[in-house]
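Inspection log for the structure reproduced underneath, given as structure tokens.
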Amino acid sequence: MKILIAFYSRDGHTRKAADILGKILNADLDEVVDNKNRKGILGFLRAGYDATMEKTTEITFSKDPSEYDLVVVGTPVWNGRLTPAIRTYLLQNREKIKNAVFFVTCAGRPGKCLKQMKEIYGKEVLMERVKVRKRLEGEARVFAEELERLIHTLKGP
Ligand SMILES: Cc1cc2nc3c(=O)[nH]c(=O)nc-3n(C[C@H](O)[C@H](O)[C@H](O)COP(=O)(O)O)c2cc1C
């Protein structure tokens, strides 16, 4: 089974979770890059504003999700919402994702981020998880084990 982990990360937490998942599941990783500068205090303020206003952005990514049996999509939570990068990624790729799993990383207040992801995708999501950044490593490993069980059931007997 071919698995893709597509993620956006501003500060490294979601990347770390994606790396752990990728290694355990032997999956391909695709880091979605937001072409808008999100660094520094201005970048931070704009990030929160753009997420709240449900803005899209210009993104760069390299893998075609239609080539995968399962696509795991990860994003940080910004102001209780979805990042513009993953909003754009889902809008551009929702038709190409056959089986979806979503996860978000946050400081503890996930808000409506997963709800927004599901609304954009518009189809059934196989699994969704919130990962709190201070417990990230342990939580990512538990998540990988849950995904292994899911993959096992998808493969069938
Ligand atoms: C602009 C901005 C807004 C944020 N808003 C929230 C929030 O509403 N709830 C929360 O729990 N964490 C919030 N965070 C924290 C991030 O979701 C958390 O640190 C996440 O793990 C960062 O992922 P990254 O390191 O991959 O960028 C926010 C961070 C940023 C930069």
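The values are calculated or read from the model by the stated rules, or taken from the named source; none is laboratory data. Worth saying up front: this structure is predicted, and the values here are computed from it rather than measured. Ideal geometry is used to build each Cβ from the backbone, glycine not excepted, and the neighbour counts take in all protein chains shown. Calculation scope for accessible area: heavy atoms of the full protein, side chains included, ligands and nucleic acids excluded. Shrake-Rupley method; radii C 1.70, N 1.55, O 1.52, S 1.80 Å.
Can you work out the Karplus-derived ³J(HN,Hα) for every residue in the stretch 73-81? Use 6.51 cos²θ - 1.76 cosθ + 1.60 with θ = phi - 60°, whole Hz, and x for glycine or proline.
Each residue's phi maps through the Karplus curve to give 10, x, 8, x, 8, 10, 6, x, 9 Hz.
Using the Cβ atoms and a cut-off under 11 Å, what net charge is assigned to the surroundings of ARG38, where Lys and Arg are +1 and Asp and Glu are -1?
Net charge in that neighbourhood comes out at +1.
Subtracting the Cα-Cα distance from 0.36 nm times the residue separation, let me have the gained length for GLU119 to VAL142 in nm, one decimal.
Full extension from GLU119 to VAL142 adds 5.7 nm.
Once both labels are modelled 7 Å past Cα along the beta-carbon direction, what's the LEU150-LYS2 spacing in nm?
Taking the two extended label points, one gets 1.9 nm.
GLU128: net charge of surrounding residues, Cβ under 10 Å, Lys/Arg +1, Asp/Glu -1, itself excluded?
+3
Would you look at the GNM of the chain, springs on alpha carbons closer than 10 Å, and say which of LYS118, LYS39, LYS63 moves the most?
The residue that fluctuates most here is LYS39.
Probe radius 1.4 Å, ligands and nucleic acids ignored: give me the carbon and sulfur share of the accessible area of the stretch 1-151 as a rounded percent.
The computed percentage sits at 47.
Rounded to the nearest 20 Debye, what is the dipole magnitude of the stretch 77-137 about its Cα centre when Lys and Arg each give +1 and Asp and Glu each give -1 at the C-beta?
Here the stretch 77-137 has a charge dipole of around 200 debye.
Calculate, for the stretch 3-155, the solvent-accessible area per residue in square angstrom, rolling a 1.4 angstrom probe over the heavy atoms of the protein chains.
50
Give me the net charge for the shell around TYR8: Cβ to Cβ below 12 angstrom, other residues only, Lys and Arg +1, Asp and Glu -1.
+1
Can you pull a Stokes-Einstein diffusion coefficient for the chain at 4 °C (1.567 mPa s), Rh from Kirkwood over Cα pairs, as a whole number of µm²/s?
For the chosen part, D equals 84 µm²/s.
Take GLU67 and LYS96, extend 7 Å from each Cα along the Cα→Cβ direction, and tell me the distance between the two endpoints in nm.
1.0
Specify the angular offset, from 0 to 90 degrees and rounded to the nearest 10, of the alpha carbon long axis of helix 13-25 from the longest principal axis of the alpha carbons in the chain.
In the chain, helix 13-25 runs at an angle near 10 degrees to the longest axis.
So how strong a dipole does the chain carry about its Cα centre when Lys and Arg Cβ are +1 and Asp and Glu Cβ are -1, to the nearest 20 debye?
Once rounded to the nearest 20, the dipole reads 540 debye.
Would you kindly derive the ³J(HN,Hα) couplings of the stretch 67-72 from the backbone phi angles with the Karplus curve 6.51 cos²θ - 1.76 cosθ + 1.60 (θ = phi - 60°), listing them in order in whole Hz, with x for Gly and Pro?
Whole-Hz 3J(HN,Hα) from phi for the stretch 67-72: 7, 10, 6, 9, 10, 9.
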